[in-house]
Amino acid sequence: MLLRIFRVFRLGILAGALIGIGGAVNLQLSSMGQPIWGGVFFSFGLMCVCLLGANLFTGKVGYVLENDKNYALDVLIMAMGNIVGALIVGYLAGLLFPNWVVTTDTKFLYGEGATWYGCLLRAMLAGVFVYLAVECFKKVPSFPGKLVMICLSIATMVLLGCNHSIANVFYFAYAQVRVAGFDGLNATLSVLVAMIGNSIGSLLVYGLQYGIAIAVKSRPQA
């Protein structure tokens, strides 16, 4: 039991670090005036997660309804690992790269006056895109097709300004090092709201997919 928990947590740290690296590339390219390429290269993180079999909370939570209670516990453990991995990369990036522009230092991520429900809705949308990316990786038969679908899904998520909880942990860790007056409490609250939203978005798509499959299977044959 303890070995399984350790393995889930260890692979969660790896996934969080990989998402942090994707976020770092996004910040670098955005600071160079290339936000579109930043969104494209951010997908590197999820590609590595899928290829290496790492445990990413936002990629796994959508499947909690088709698994037992042990899986739900695993999702919580991997989320904690993700946070640790993203924090490590964020703090290191803050020490090594002082010139990136990060705007995620205000309440609920999107500026003064932003609301918890705005944060939640953007997080739900992020959950949709991550679920689609992971599901396509599982089901698209062509290996290049798998990578293309991950890239398109995640780049779209980034360019729309969606709210990915683990990526935000990286951005907030970087901002805590580089931005004067960083509000750690509001950052923590926004991450919690984002995790809830990511979960809801993933589960909604799973529910729609499952419902459609049941409807097609139960439809009488002509």
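Taken together, the values in this text are just the output of simple stated rules run on the coordinates, not laboratory data. Keep in mind it's a predicted model, so treat the numbers as computed, not measured. Cβ sites come from the backbone with ideal geometry, for glycine too, and all protein chains shown count toward neighbours.
Length gained on full extension, residue 6 to residue 115: 35.6 nm, using 0.36 nm per residue less the C-alpha separation. Think of each Lys and Arg Cβ as +1 and each Asp and Glu Cβ as -1; about the Cα centre, that makes the dipole of the stretch 2-218 roughly 460 debye. Oblate is the label for the stretch 152-207. Its Cα gyration tensor axes, ordered a ≥ b ≥ c, give a/c of at least 1.5 and b/c at or above a/b. Modelled spin labels at residue 208 and residue 31, positioned 7 Å past Cα toward Cβ, are 3.7 nm from each other. Computed extension gain for residue 65 through residue 101, at 0.36 nm per residue and net of the alpha carbon distance, reaches 9.1 nm. In order along the stretch 94-100, the Karplus-derived 3J(HN,Hα) couplings, from 6.51 cos²θ - 1.76 cosθ + 1.60 at θ = phi - 60°, round to x, 6, 8, 10, x, 9, 6 Hz, and Gly and Pro are given as x.
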